[in-house]
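These notes are about the structure you will find just below.
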């Protein structure tokens, strides 16, 4: 699918059942909870532990129930290729199956979820992802009635991105890269590593004659504000997203993923994305690949395990994708000695990220928040002072760190 933070602390936990797939986390640099008690599904994260432990349901009720599903996906990029200004040569991809299978499975009878917004191809607009309340917004910006309206609980988007953060500068270490850029580390490779930068905004491409911004969403620029509950960063207080899942090319890249997404948080509790890692002289950048069942497998996991962590479902999405769905790590061949594939070409990971007002909350947001607890507005994020992320790799990213 072609389409820095300071005080970085890393802790890795390797799943023995998956020798080339590692689960790790980036903490906030502030106090961490060394041991957590999972919050029962009935309870918001700030409910008294004693009351939750006694399952006093009347006290644990959420402040407002949210059980909507929104999905937007673009498969047909014919208009983008021919638009009068700034045409982009983006091939057609199968995002329709990804969003449709997610939407249909999540909202099937008996699941407890209901359909909210569902747009595909030319019905998806760049302004669907931009907040009209932000200073300098376009007159047509309208996430309020689309991707982040007041109703949806979980929103899923799929489309082209751009891997223009992968540079062509060869490197043996980050000292060979420009200031602020990093040398991407890889397992043994037929080509040297290359640098990557966090200074190029991440992109999500649309393809509609009705778009207003040349069919481009640069979602880290401060105009995409998700969850909007308390006018953070000049956003409104009229959004509903608890969780946003975005499947596009080079959506975020380590170690820049916090800085690339920080401006998106305005109450959303968790953002899930696909994170390519490797960038080599012989193969170029890793990238997400078209996996038609990505949305289906995620929704099936959610419906079968409603009290499980949402991040666990996103990580399981890597495990359930056939390894041959995507090329090897890092040389992009069919030799999987060092891993790769599973929905990603090259070395990469699925990542779940959060910002919140305390170290305890932000860890809960990623590690514990379940599909059921995401229905409670009491579990919305309410600050930007702490960030936290966990990732699940398609290779041994404990032995082979992201950068060098």
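What follows is calculated from the coordinates using simple rules that are stated; it is not laboratory data. All values derive from a computational prediction rather than experimental measurement. When we count neighbours, we look across all protein chains shown, and the Cβ atoms used for this are built from the backbone with ideal geometry, even at glycine.
Mean separation of Cα pairs under 8 Å and 6+ residues apart, divided by the residue count of the range 122-214: what relative contact order is that in percent? Averaging sequence separation for qualifying contacts and normalising by length gives 33 percent for the range 122-214.
Considering the zone a paramagnetic label at residue 337 would reach in this model (a point 7 Å from Cα along the Cα-to-Cβ line), which residues of the range 173-188 have amide N under 17 Å from it? Label zone hits: 186-188. Sorting the segments 147-156, 111-120, 239-248 by their mean number of nearby beta carbons within 10 angstrom, highest to lowest, gives 239-248, 147-156, 111-120.
Applying 1/(1 + (r/R0)^6) with R0 = 56 Å to the Cβ-Cβ distance of residue 237 and residue 304 gives a FRET efficiency near 0.95. For the range 111-161 versus the range 73-92, the inter-centroid distance based on Cα atoms is 20 Å. Working from Cα pairs under 8 Å separated by at least six residues, relative contact order for the range 54-198 is 23 percent. Using C-alpha pairs under 8 Å with a sequence gap of at least 6, the mean separation divided by the residue count of the range 181-288 gives a relative contact order of 30 percent. Normalised size of the range 176-299, defined as Cα radius of gyration per 2.2 N^0.38 Å with N residues, equals 1.21. Computed from the alpha carbon atoms alone, the convex hull of the range 70-215 holds 169 Å³ per residue. Given their separation in residues at 0.36 nm each and the Cα-Cα distance between them, residue 212 and residue 138 gain 25.8 nm when the chain is fully extended. For the range 299-404, taking the reciprocal of the average inverse distance between every pair of different Cα atoms yields a Kirkwood hydrodynamic radius of 15.0 Å. The stretch between residue 168 and residue 281 holds 39.9 nm of extra length on full extension. This uses 0.36 nm per residue minus the Cα-Cα distance. Averaged over residues, the count of other Cβ atoms within 10 Å places the peptides 381-389, 350-358 in the sequence 350-358, 381-389, highest first.
Taking a ≥ b ≥ c as the square roots of the eigenvalues of the alpha carbon gyration tensor, the range 188-245 is prolate, as a/c is not under 1.5 and a/b beats b/c. The listed peptides 261-273, 127-139, ordered by packing as a protection proxy, come out as 261-273, 127-139 (highest mean of other Cβ atoms within 10 Å first).
Going by the alpha-carbon gyration tensor, a ≥ b ≥ c the square roots of its eigenvalues, is the range 107-164 rounded (a/c under 1.5) or, if a/c is not under 1.5, prolate (a/b greater than b/c) versus oblate? Since a/c reaches 1.5 but b/c is at least a/b, the shape of the range 107-164 is classed as oblate.
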